[in-house]
Amino acid sequence: MVPYHEIDWNEARNLCAKDILWGSLYYAYEPVFMRWPAKILREKALQTVMQHIHYEDENTRYICIGPVNKVLNMLCCWVEDPNSEAFKLHLPRIFDYLWIAEDGMKMQVLEDCPGDLNFWYCHISKETVGKSLDVKQLYDAVNVLLSLQNTDGGFATYELTTSYQWLEVTIITS
């Protein structure tokens, strides 16, 4: 175990699965993105990201849209300014569904869920389907699904991809 302050981040950056190893892109793009004018573009992009994070935080009263976002948004606010009002407003909401156990951080949405949760829902079965739907409703459902599909044919977790593939690669390496 290496103490945090002694980690060689340039070396640690490549400690990942080979299929997500972006080291060569890092060495090619990082020097470019840390110089003018790309540095200005990168800083503007980071400011825009923080505006989105603050918007979500304020509109959800700092509980965010889920436990994963909660942790990420809180960390981003801390990186931006550990003494900021935004970070301080995150702290009381942590216990809504995050806590530290002996084996790390845990999260939950509901407290003391009754009964065996595996019993309640796994997959749709014929027994759970009610009366038949009108054909128009089925077409509407298909249209909703198609509207959620990205241009590359995939589906994102909760919103459409709004940037170019080349931009996604540069974000990963930044």
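The values are calculated or read from the model by the stated rules, or taken from the named source; none is laboratory data. These numbers come from a predicted model, not from an experiment. When we count neighbours, we look across all protein chains shown, and the Cβ atoms used for this are built from the backbone with ideal geometry, even at glycine.
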I'm trying to understand the selection: among the residues of segment 59-106, which are under 18 Å from Val49 (Cα atoms) and small (Gly, Ala, Ser)? Gly66, Ser84, Ala86
Looking only at residues that are surrounded by 10 or more Cβ atoms within 10 Å (Cβ to Cβ) and aliphatic (A, V, I, L, M) in segment 6-24, which one is modelled with the highest pLDDT? Ile7
Tell me, which residue of segment 41-87 that is more than 22 Å from Met107 (Cβ to Cβ) and polar (S, T, N, Q) is surrounded by the fewest Cβ atoms within 10 Å (Cβ to Cβ)? Asn83
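Here's the yes/no breakdown for (1) touching a Phe, Trp or Tyr at 6+ places or on another chain (Cβ under 9 Å); (2) of a type outside the set (Phe, Trp, Tyr); (3) at pLDDT 75 or above; (4) not in a helix (DSSP H, G or I):
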residue: Gly130; (1), (2), (3), (4): no, yes, no, yes
residue: Leu138; (1), (2), (3), (4): no, yes, yes, no
residue: Ala141; (1), (2), (3), (4): no, yes, yes, no
residue: Val144; (1), (2), (3), (4): no, yes, yes, no
residue: Thr151; (1), (2), (3), (4): no, yes, yes, yes
residue: Leu160; (1), (2), (3), (4): no, yes, yes, yes
residue: Glu168; (1), (2), (3), (4): no, yes, no, no
